[in-house]
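**Student:** Before we start, here is the structure in question, set down as structure tokens.
The values are calculated or read from the model by the stated rules, or taken from the named source; none is laboratory data. On a predicted model such as this, the values are computed, not experimentally measured, just so you know. Backbone-built Cβ (ideal geometry, glycine too); neighbour counts: all protein chains shown.
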Amino acid sequence: MSTIQAVHPTNKVKLAVFWLYVTLPLAWGVFNTLSQAMKLFR
């Protein structure tokens, strides 16, 4: 018999903080790369 454990609210908060920690620098890098690349095509 397998049991599925519910995700605790603290785990959801940790998960959200982790994804923000990862996606914010990634989004910043993509934005900077695209803005620099657009300079080549002007």
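**Student:** Being loosely packed, with under 10 Cβ neighbours inside 10 Å and not β-branched (Val, Ile, Thr) is the filter here, so list the residues in region 9-20 that pass it.
**Tutor:** If the condition is that a residue be loosely packed, with under 10 Cβ neighbours inside 10 Å and not β-branched (Val, Ile, Thr), then PRO9 is the only one that fits.
**Student:** For the condition in a helix (DSSP H, G or I) and modelled with pLDDT of 95 or more, what is the one hit in VAL17, VAL13, VAL22?
**Tutor:** Only one candidate passes the filter, namely VAL22.
**Student:** With the structure loaded, tell me whether LEU34 is hydrophobic (A, V, I, L, M, F, W, C), at pLDDT below 95 and outside any loop (DSSP other than H, G, I, E, B) or whether it fails that test.
**Tutor:** no
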